[in-house]
Each structure stands twice: as C-alpha cells, then as structure tokens.
1. With Cα Rg over 2.2 N^0.38 Å as the read-out, I listed (i) 1.93; (ii) 1.27; (iii) 1.05; which label goes with the value calculated from this structure?
2. Quick check: net charge around Phe66, other residues with Cβ under 13 Å of its Cβ, Lys/Arg +1 and Asp/Glu -1?
3. Let me know the charge dipole size of the chain about its Cα centre in debye, to the nearest 20, where only the beta-carbon of Lys, Arg (+1) and Asp, Glu (-1) is charged.
4. Filter the trypsin sites (Lys or Arg not before Pro) in the chain to those in DSSP coil with at most 10 other Cβ atoms within 10 Å of their Cβ, and list the result.
5. Run lengths n ≥ 4 of DSSP H only: what is the helix-derived mean residue ellipticity at 222 nm for the chain, with -39500 (n - 2.57) per run over all residues, to the nearest 500?
6. Hey, any idea what % of the chain's accessible area is carbon plus sulfur with a 1.4 Å probe?
7. Report the full-extension gain for the segment Asp54 to Val76: residue separation times 0.36 nm, less the Cα-Cα distance, to one decimal in nm.
8. Just Gly63, Gly24, Gly47 to compare: in a GNM of the chain, with alpha carbon springs under 10 Å, which one fluctuates most?
Amino acid sequence: MDFEQIISGRIILEFLGASARFLGYNLWTLTNDNDFRTFASFWSPRGSSQKKEDNSNRNHMIGVLFLGGFVMLLIVFNT
C-alpha cells in the first residue's frame, strides 16, 4: 500500500471511532444527567501527549470495530 493510503485509512478509522464514541456518549447523556461533550473532546482532547495517544488508539480501535460491524451487517442483509 502507498504511504498516503495508510495515513488516510488511519484518519478515516479514527474519525469513525470518534464519531461512534461521540454519538454513543451523547445518546447515553440523554438518559442520564451527564454533561454534553463536544466532538472535539473525542477527536483531539486537551492534555498530555500520553492522553492524546491513548485517545487516538481508542478511536482507532472503536473505528475498526464499527467498520467491521458495518461490513458484517452488509454481508448478512445482502445475502
């Protein structure tokens, strides 16, 4: 794979992960009395570089799970 494809794929997965975390957390907020969090807090939080790296890894992991689940749903419902 080209270097650009690897970088863009990681960015897309992190964006999917941050979007899934944002929607999940804020939908859960509707049922509880928690505070609403902005998308920026999931995409690039403030703090130390270790916190940013952990957040990036979490977004990547959830993005892979979200994309894998979406592909599985496509396979199940298209056969």
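1. The value matching this structure is (ii).
2. Neighbourhood net charge equals +1.
3. With only Lys, Arg, Asp and Glu charged at Cβ, the dipole is about 140 debye.
4. Passing sites in the chain are Arg46.
5. -27500 deg cm²/dmol, from helical runs alone.
6. The computed percentage sits at 67.
7. 4.6 nm
8. Gly47
The values are calculated or read from the model by the stated rules, or taken from the named source; none is laboratory data. Computed from a predicted model, the values in this text were never measured in an experiment. For neighbour counting, all protein chains shown are included, and Cβ atoms are generated from backbone atoms with ideal geometry for every residue, glycine included. Only protein heavy atoms, including side chains, enter the accessible area calculation; ligands, DNA and RNA are left aside. Shrake-Rupley method; radii C 1.70, N 1.55, O 1.52, S 1.80 Å.
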